[in-house]
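Okay, structure first, notes after.
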Amino acid sequence: QVQLQESGGGSVQAGGSLRLSCEVSGYTYSSGWMTWFRQAPGKEREGVAAIGIARGVTYYADSVKGRFTISRDNAKMMFHLQMNSLKPEDSAMYFCATTEGVGSTAFVLVPGRYNYWGQGTQVTVSS
């Protein structure tokens, strides 16, 4: 009964910004992680950014550090991904996901650790 719904995707020129949002329902916010993943055609799904439900600690993929920021809004049961300085290589389907635990922080960006997923929102960055 946990459901996630992404929004905010679209098309933007290189160097521009987008903010993605994920609305979560049916989940008890006591522990675990809220995370953004992305997958481009023909490529494996990769973790982008994660935020801890309990304490708000964050982790980022090296490819987006300094450009993307993940945040949470627990009162509204939502979390967000602010994407700045976008590059064409950021183009992908972006998915939000959540899990109650990953076992180790080394796995916070590993897709296989997540059991609830949204349907995805497309981000296209043009030159």
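The values are calculated or read from the model by the stated rules, or taken from the named source; none is laboratory data. Computed from a predicted model, the values in this text were never measured in an experiment. Surface areas here come from the heavy atoms of the whole protein model, side chains and all, with no ligands, DNA or RNA. Shrake-Rupley method; radii C 1.70, N 1.55, O 1.52, S 1.80 Å.
On the accessible surface of region 28-127, probed at 1.4 Å, how many percent belong to carbon and sulfur atoms?
49 percent
With θ set to phi - 60° and the Karplus curve 6.51 cos²θ - 1.76 cosθ + 1.60, what are the ³J(HN,Hα) couplings of region 71-78 in order, to the nearest whole Hz, using x for Gly and Pro?
8, 10, 9, 5, 4, 9, 6, 9
So, for the chain, what is the accessible surface per residue at a probe of 1.4 Å, expressed in square angstrom? Mind showing how you got there, number by number?
Numbers: 6430 Å² over 127 residues.
Value for the chain: 51 Å² per residue.
Using DSSP, restrict attention to beta bridges with both residues in the chain and report what percent are antiparallel, rounded to the nearest 5.
Bridges in the chain are about 90 percent antiparallel.
If I take every Cα pair under 8 Å that is 6 or more residues apart in the chain, average their sequence separation and divide by the length, what percent do I get for the relative contact order?
35 percent
Sequence-distant or interchain residues sharing an amide H contact under 5 Å with Lys87, placed H: which?
Gly15
Which lysines have a Cα less than 21 Å from the Cα of Lys65, not counting those fewer than 8 places away in the same chain?
Lys43, Lys87
Each residue of region 88-99 in order: what ³J(HN,Hα) in whole Hz does its phi give by Karplus 6.51 cos²θ - 1.76 cosθ + 1.60, θ = phi - 60°, with x for Gly and Pro?
x, 5, 7, 4, 4, 7, 9, 10, 9, 8, 9, 8
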